[in-house]
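Right, one structure below, let's go through it.
Bear in mind that the values in this text are calculations on the coordinates, not laboratory data. As the structure is a computational prediction, the values presented were derived from the model and not from experiment. In this analysis, Cβ positions are derived from the backbone assuming ideal geometry, glycine residues included, and neighbour counts consider all displayed protein chains.
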Amino acid sequence: MIFPRILRRALCLIFFSVIFGVLGLVPAQAGQWYTLKTKYLTLTYENPSDLKLFNDQIDFSPDANSFSSFSNSGPPTGTGVEQALARKLDALIEKVQLILDMRKPINIIVRIYPDKTALHEAYFNIYQQKKELRAWYIFEYNTIYVNVQDLFAGMLAHESAHAIVDHFLAVRPPRATAEILARYVDSHLNEEAKIY
Ligand SMILES: [Zn+2]
């Protein structure tokens, strides 16, 4: 009875390749992502250590830059690091809104990838082509994509400016105009905002 044994082996092989194939897809597609929601942002990240690094990378002083004392939202929930980060990020977004003079309720998703490879993979999965961007924003997904190892406050402010501009105006501005605005924001983030 050679034939059934071969058949059995073949079936075994198919069975295990399917199982491993499915398992192999799990981390890439449905890997567990954590979420931290602030007043203006929803951070999603794969590892708690990525959130800690994200916090270290964003050098922005909420006290010097915030007008949060005028906002009526309650204190953010979560651990000490999460609260401090939420406060810092919300102050950063308010500063971007102040520079642009574009204040409107908004909540932008920030997808935080652990490294360059994961970020570039994400780009490929979305666009089906290779492009090695450091960060980008997609209006249709209301999402900013960043690599936590290559990040700074100005970069996050720049991408947030794109989101704020696109959501504030009834008609999204041309890409060149949007880019001029976003660059103005990131280069003036730590200066006192001009009031017109
Ligand atoms: Zn840009």
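About its Cα centre, how strong a charge dipole does region 32-187 have in debye, to the nearest 20, once Lys and Arg get +1 and Asp and Glu get -1 at the Cβ? Can you show the working numbers first?
On the way: 16 positive and 18 negative charges, 65 e Å.
About 320 debye.
Its residue count N sets the reference 2.2 N^0.38 Å, and the alpha-carbon radius of gyration of region 32-187 equals 1.00 times that reference. 3J(HN,Hα) along region 99-109: 4, 7, 6, 10, 10, 7, x, 8, 9, 9, 7 Hz, from the Karplus curve 6.51 cos²θ - 1.76 cosθ + 1.60 with θ = phi - 60°, whole Hz, x for Gly and Pro. Suppose each label sits 7 Å from its Cα in the direction of the beta carbon; what would the F168-Q149 distance come out to in nanometres? So the label points at F168 and Q149 sit 3.5 nm apart. Residue separation times 0.36 nm, minus the C-alpha to C-alpha distance between F139 and Y34: what's the value? Additional length available on full extension: 35.6 nm. With the Kirkwood sum run over all distinct C-alpha pairs, region 100-184 has a hydrodynamic radius of 13.4 Å. In this structure, the pairs whose alpha-carbon distance is over 24 Å, taken from K104/K194; K37/K131; K95/K116; K52/K104; K131/K194; K52/K95, are K37/K131; K95/K116; K52/K104; K131/K194. Take the Cβ atoms of Y184 and S61, set R0 to 35 Å, and the FRET efficiency comes out at 0.95. This ranking places E94, E191, E159 by how few other beta-carbon atoms lie within 10 Å of each, fewest first, which gives E191, E94, E159.
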